[in-house]
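Okay, handing you the structure first.
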Amino acid sequence: MKCALTRWWMEEYIDGTLDEKRERWIRTHLQRCQACAQELAWRRSLRDSLRADLASTPCPQQMWEDFQRRLSEHRQPAHTSRVAWWQWSAATAAVACALVL
C-alpha cells in the first residue's frame, strides 16, 4: 500500500507541490524502499531528458499560437483534487446499504 501511495503522489513530489506532511511521508518511504527510490530516479531522469529535448526543439509560431488559442478555449480549474480511495470505499458502502434497505 505504501508503494502504491508513493507512486500515486510521485509526480507532485518531484514538482514540489505536495503539502509538507505528504512530502515528509514520501521522503521517509523513499529512504526505506529501494524500488520506489529507483522509480523516482527514473521519473526524474525522464523529466530531465524531455525538458532538454523540448528546450532544444523550436516550436513553429503557428503551432504555438494554435496551442494558446485552444488552451484559452478549454480552461481547466487551477487545481483538481483527487478523491482518496477511502472516499470511494465509503461511497460504495453507502450505496450498498441503501440498496439493502
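Quick note: the coordinates plus some simple rules give every number you see, no bench work behind them. Note that this is a predicted model, so its numbers are computed, not measured. So basically every Cβ, Gly included, is an ideal-geometry build from the backbone, and we count neighbours across all protein chains shown.
Residue separation times 0.36 nm, minus the C-alpha to C-alpha distance between Thr57 and Trp42: what's the value?
Once the chain is fully extended between Thr57 and Trp42, it gains 3.1 nm.
Can you compute the modelled spin-label distance between Arg22 and Gln34, with each label point 7 Å from Cα toward Cβ, in nm?
Each label point is offset 7 Å from its Cα along the Cβ direction, giving 2.9 nm.
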